[in-house]
Amino acid sequence: MLIAAGSMTPNAIADNFQVSRQAVSKHLRILVECELVEQDAKGREIYYQLKHEKIREIDDYVERLRQIIQSRFEDLDDLLEAMKEETK
Amino acid sequence: MNNDLFFDFTVDKEAKTAVITREFNAGLDLVWEAFTNHELLDKWTAPQPFTAKTKYADFEVGGKRFYAMVDPDGNALRWALQKYTSISPKTNFKMFNVFADADENPEEFGSDWDYTFSEEDGKTKVVISIYNESMERFEKMLEMGFVEGFKMTIVNLDNLLDSLK
């Protein structure tokens, strides 16, 4: 979540944790493959930063599913009300 | 009216699990029926204008439910097979859910569904935990199970709006 604040190099990220630069690079590579993080070469250093719009896409997707599930349950709410009437 | 009923939906990618928690304003007996009796399931599980139609169902351990999502013209859009693996009446049941063709031939991969029911103060809480080995398939399943019909509904609405212009 460090790179949420701004772009950073793998060395700078590793300094914040008890992990090697290699380990950080490996994680970053996966995140780049998933298109959640993008890299930007500045001279000899590569800076990494979060793709905020991609994170938002995932949030939107989960939110959409949430609304669909909720609308099914609202139909069930109505059905349960009808069932309660019947058993009265 | 139902806004005060608790609802939560979380996706845990690492555990390859989605958990849905929902409270219903009815007693345990009715809610259990609504989730296990196929005639009732057919009434609420498909989004408008589609309907769920059960071809046959046998709610017992080792039993199956074979059903389809049907469009307004009566065409079966997608078949699915549910195999009940564990049943503790009015407390919990588990099933394996897999999409299939019209001849009941299942697709290679499915998902495990675990339903837990509990009643308190006249309300019934249902916790549904869905596990799928592959996250990719899992997303596909959620897309198909919940979104496919929804997308088509939107397309229909778009067509309607276009025809009104």
Added length on full extension, which subtracts the Cα-Cα distance from 0.36 nm per residue, B:Thr91 to B:Glu107: 2.8 nm
Separation between Cα centres of the range B:21-83 and the range A:34-59, rounded to whole Å: 43 Å
Accessible surface, 1.4 Å probe, highest first, among residues B:Trp32, B:Trp79: B:Trp79, B:Trp32
Heavy atoms of B:Lys125: accessible area, 1.4 Å probe, square angstrom to 10: 90 Å²
Under 30 Å from B:Lys83, Cα to Cα: lysines that are on another chain or at least 8 residues apart: A:Lys84, B:Lys13, B:Lys16, B:Lys43, B:Lys53, B:Lys55, B:Lys64, B:Lys94, B:Lys123, B:Lys125, B:Lys140, B:Lys151
Surface accessible to a 1.4 Å probe, A:Asp78 within the full protein complex, Å²: 90 Å²
Degrees between helix A:21-33 axis and first principal axis of chain A (Cα, 0 to 90, nearest 10): 50 degrees
Rg/Rg_globular for chain A, with Rg_globular taken as 2.2 N^0.38 Å and Rg from C-alpha atoms: 1.88
Normalised contact order of the range B:1-66, rounded percent, pairs of Cα under 8 Å and 6 or more residues apart: 17 percent
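How much length would be gained if the chain were fully extended between A:Ala12 and A:Lys51, taking 0.36 nm per residue of separation minus their Cα-Cα distance, in nm to one decimal?
Numbers: separation 39, 0.36 × 39 = 14.04 nm, distance 1.87 nm.
Roughly 12.2 nm would be gained on extension.
The values are calculated or read from the model by the stated rules, or taken from the named source; none is laboratory data. Because the structure is predicted, anything quoted here is derived from the model rather than measured. Each accessible area value is taken on the protein alone, full model and side chains, heavy atoms only, with ligands, DNA and RNA left out. Shrake-Rupley method; radii C 1.70, N 1.55, O 1.52, S 1.80 Å.
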